[in-house]
Structures are given as C-alpha cells and as structure tokens.
Amino acid sequence: MCTKEIIRAATLADGTVFGGAVRDIVRKDYMCKEYFSKGFKKETFSDPSVCPETVDRLLVPSDIDIHF
C-alpha cells in the first residue's frame, strides 16, 4: 500500500495523521508544482540533478503517525 493510500484509509477510519509525513507530503506537492512550473518535463522528474532547488519533490515519508 502506498503512503497516500494508507493516509486515505486512516482518515476514512476517523484517524488523525500528523507529524513528519504530513510535512513531507506538503513539501513534496509544493516542490512538484514548482518543478513543472519552471518548464521541466516528466522524463527528468526523478533525476535529482535536474532543478536541484526542487529536489524535495522526491521526498517519501519514512513513517506515518496516526492517532485513532
């Protein structure tokens, strides 16, 4: 199960997601938008040397804090 699916399942079960996973997802989404707004293409998205100021677009949370 991917991170976003776990978060979706947790929130549907009335869980609260908090901590670093939320921060990382917000940061990743923001940097993805920045990357594409600068005109870079999908083909080079996973290369950290392309547009290094948006390298956080590659963030993947290492854990998810959930409270039920």
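Tell me which trypsin sites (Lys or Arg not before Pro) from the chain have a DSSP coil assignment and no more than 12 other beta carbons within 10 Å of their own. All intermediate terms of the calculation are to be shown ahead of the outcome.
Details: sites: LYS4, ARG8, ARG23, ARG27, LYS28, LYS33, LYS38, LYS41, LYS42, ARG57; in loops: LYS38, LYS41.
Passing both the DSSP loop test and the Cβ count: LYS38, LYS41.
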Label of the coordinate-derived value, percent of Cα pairs over 20 Å apart, listed as [x] 56; [y] 33; [z] 37
[z]
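Hey, what number do you get for the chain at 222 nm if only DSSP H runs of n ≥ 4 count, each worth -39500 (n - 2.57), divided across all residues, to the nearest 500? Before the final figure, lay out the partial values.
On the way: 2 runs with 28 residues, N = 68.
Counting only the DSSP helices, I get -13500 deg cm²/dmol.
Keeping every protein chain in place, order THR11, THR54 by accessible area at 1.4 Å, biggest value first, i.e. largest first.
On the way: THR11 70, THR54 5 Å².
Result, largest first: THR11, THR54.
The values are calculated or read from the model by the stated rules, or taken from the named source; none is laboratory data. Computed from a predicted model, the values in this text were never measured in an experiment. Counting neighbours? That spans all protein chains shown, and the Cβs are built from the backbone with ideal geometry, glycine included. All accessible areas refer to the heavy atoms of the entire protein, side chains included, with ligands and DNA or RNA removed. Shrake-Rupley method; radii C 1.70, N 1.55, O 1.52, S 1.80 Å.
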